[in-house]
Amino acid sequence: MNYLRTAILLAGLTALFMGVGYLIGGQSGAVIAFVIAAAMNLISYWNADKLVLSMHGAHEVDETTAPELVALVRDLAQRASLPMPRVFIMDNPQPNAFATGRDPQHAAVAATTGLLEHMRREELAGVLAHELAHIRNRDTLIMTITATIAGAISMIAQIGMLFAGGHRDNNNGGGLGVIGTLAMVILAPIAAMLVQMAISRTREYAADDLGARIAGRPEWLASALRKLDAAAHAIPNEPAERNPATAHMFIVNPLTGHGMDNLFSTHPATENRIAALEQLAAQMGRGGYARQAQPRQAVPSHGPWGGSRRGPWG
């Protein structure tokens with residue numbers, strides 16, 4: 001089912017891409033846009049994870065460079081019955097994280113230095129379990145492809161804005177002229193963003209639920225979400241601001257000023273997510289889920305990762 005959703009998404013975003021090309025260059029522009037979109041679809045499937053990680057300056061770590069973090073991810077991956085994903089760290093003060101990759105066998109989890117500095121071990125476990133839930137639910141393919149294609153649509157729309165002023169009705173192949181071009185330049189990024197929102201909200205609730213079950217304690221993730229939401233408003237995420245099409249990939253919206261369930265939010269309201277987790281905690285307590293084995297003490301549980309500003313991950 002997820003592959004069908006991905007195919008529909010690619011078709012829709014490709015059509016938007018072609019629409020912008022048509023309004024900019026007529027039929028020739030549409031053909032060129034189609035060729036570019038087809039190439040981007042292939043590149044996105046095989047390399048979108050690398051592109052997104054590069055956008056956010058993520059560097060890979062292992063048992064030597066980040067033993068505690070890698071050990072915690074490994075424990076949680078085993079609990080989730082997943083292959084061990086690659087682990088990345090982003091040098092970014094905003095506490096946040098995302099997962100990427102085309103399938104569980106080619107997945108990666110990326111955490112910011114801010115996340116490692118400000119989260120207690122239990123909260124970090126909740127966040128990482130949430131990201132592993134995205135991998136297990138096979139959300140990462142559609143998340144990553146959406147980020148790259150939607151970003152390309154925004155880019156070509158901005159290029160169209162540069163040329164719109166020089167277009168005339170009689171030389172625009174679509175016959176829509178400057179007004180049509182400007183309308184598409186404005187509407188195409190909004191349409192792409194609406195697609196992101198449509199796939200993001202229900203996906204986040206599902207990942208919260210499964211992630212809480214993987215970690216065994218919904219309150220860990222709920223506590224982390226409270227901190228993450230507050231920090232996202234107070235600490236800017238410069239790479240995300242430069243690449244807003246990737247915002248839906250993060251556990252909380254990394255862009256400032258988006259904290260409510262409104263039309264232009266890529267995530268559900270944090271208070272709604274916390275309420276759902278609290279309800280799940282009550283259910284798990286009655287059903288015995290909370291008594292599952294917890295991840296071993298791979299990360300120090302005291303203070304902001306041993307008192308070091310950067311933590312033991314360097």
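The values are calculated or read from the model by the stated rules, or taken from the named source; none is laboratory data. Nothing here was measured: the structure is a model prediction, and the numbers come from that model. Counting neighbours? That spans all protein chains shown, and the Cβs are built from the backbone with ideal geometry, glycine included.
In this structure, is residue 51 modelled with pLDDT under 95, out of contact with any His (no Cβ under 7 Å at 6 or more places or on another chain) and closer than 20 Å to residue 254 by Cα?
yes
Here is a list: 232, 240, 215, 269. Which entry is under 24 Å from residue 136 (Cβ atoms), at pLDDT 85 or above and not acidic (Asp, Glu)?
That would be 215, the only listed residue that is under 24 Å from residue 136 (Cβ atoms), at pLDDT 85 or above and not acidic (Asp, Glu).
If you scan region 103-142, which residues turn out to be closer than 16 Å to residue 74 by Cα and surrounded by fewer than 23 Cβ atoms within 10 Å (Cβ to Cβ)?
Once the filter is applied, which keeps residues that are closer than 16 Å to residue 74 by Cα and surrounded by fewer than 23 Cβ atoms within 10 Å (Cβ to Cβ), region 103-142 yields 104, 105, 106, 108, 121, 122, 136.
Given the options 94, 78, 105, name the one that is at pLDDT 85 or above, over 21 Å from residue 204 (Cα atoms) and either within 21 Å of the chain's Cα centre (by Cα) or among the β-branched types (Val, Ile, Thr) (or both).
None of the other options fit; the residue is 105.
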